[in-house]
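What follows is a single structure, written as structure tokens, with notes after it.
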Amino acid sequence: YGPDDLKRLLKAIDSHLDRKVEIILIGGTAALLAYKATRLTHDIDSFSQINAALQKAYELAKAETGLDIPMSQAGIADAPYSFEDRLIPYDKANFKKLSLLIPEIHDFILMKTVRGYAHDLDVIDEISKKNKAKKEILIERFNKEMDHVIGGKKNLKLNFVAVLARCFGEDAADEWMDKNK
């Protein structure tokens with residue numbers, strides 16, 4: 001699904017809500033809506049729990065639009081410690097009751113780095129260039145706010161080196177590795 005489909009479904013969800021609902025969007029939806037990614041997504045991933053009011057509005061919106069875009073809380077998602085302090089409102093659709101929050105670009109990149117699949121690296125590369133991500137901020141947050149991530153620390157470091165190399169060049173990756181042996 002592309003940004004137009006996502007916006008149409010989210011707008012319909014907004015119209016069916018009977019009270020304010022806030023969700024934190026992550027994954028491909030956040031990349032498409034907030035960071036101008038071109039890779040399509042298969043679903044709407046939320047860092048937040050999908051409450052009953054949102055679920056009801058979602059079901060009505062699917063029926064209304066004919067868009068059967070899966071929406072759920074991500075089963076596994078690791079983020080920097082303080083990412084919630086840096087969330088950015090997505091307000092380009094003028095929602096009345098639906099409040100969408102998106103991780104700040106560096107936090108988003110680090111969340112995608114954890115998994116490190118090839119398509120994640122492609123999206124990271126694209127959005128880091130389009131949105132002028134800063135190497136220094138990314139490195140500082142990785143070094144200070146990602147030590148809690150579940151899974152192998154070695155794989156996480158390798159993923160981060162791959163991100164640095166793709167986004168900022170081999171020299172940036174080599175420099176970080178030299179400082180973090």
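In table form, for the structure just shown:
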read-out	value
LYS179 vs. criteria open to solvent by 90 Å² or more (accessible area, probe 1.4 Å), more than 21 Å from GLY27 (Cβ to Cβ) and within 20 Å of the chain's Cα centre (by Cα)	no
Condition met for ILE13 (crowded, with 22+ Cβ neighbours inside 10 Å and over 26 Å from ILE109 (Cα atoms))	yes
Whichever residue in segment 84-109 is open to solvent by less than 40 Å² (accessible area, probe 1.4 Å) and free of Cβ contacts under 8 Å to residues at least 40 places away in the same chain and, among such residues, is farthest from ALA52 (Cα to Cα)	HIS106
Hits in segment 111-120 (condition: under 24 Å from ASP178 (Cα atoms), in contact with a helix residue (DSSP H, G or I) (Cβ under 6 Å, 6 or more places away or on another chain) and assigned to a helix (DSSP H, G or I))	LYS112, THR113
All positions within segment 115-140 that are open to solvent by 40 Å² or more (accessible area, probe 1.4 Å) and either under 12 Å from GLY27 (Cα atoms) or free of Cβ contacts under 8 Å to residues at least 24 places away in the same chain (or both)	ARG115, TYR117, ALA118, HIS119, LYS132, GLU136, GLU140
Residues located in segment 11-67, provided they are under 16 Å from ASP91 (Cα atoms), among the small types (Gly, Ala, Ser) and within 20 Å of the chain's Cα centre (by Cα)	ALA30, ALA31, ALA34
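The values are calculated or read from the model by the stated rules, or taken from the named source; none is laboratory data. Since the model is a prediction, treat every value here as computed from it, not as a measurement. In this analysis, Cβ positions are derived from the backbone assuming ideal geometry, glycine residues included, and neighbour counts consider all displayed protein chains. Areas reflect the complete protein model, heavy atoms only, side chains present, ligands, DNA and RNA absent. Shrake-Rupley method; radii C 1.70, N 1.55, O 1.52, S 1.80 Å.
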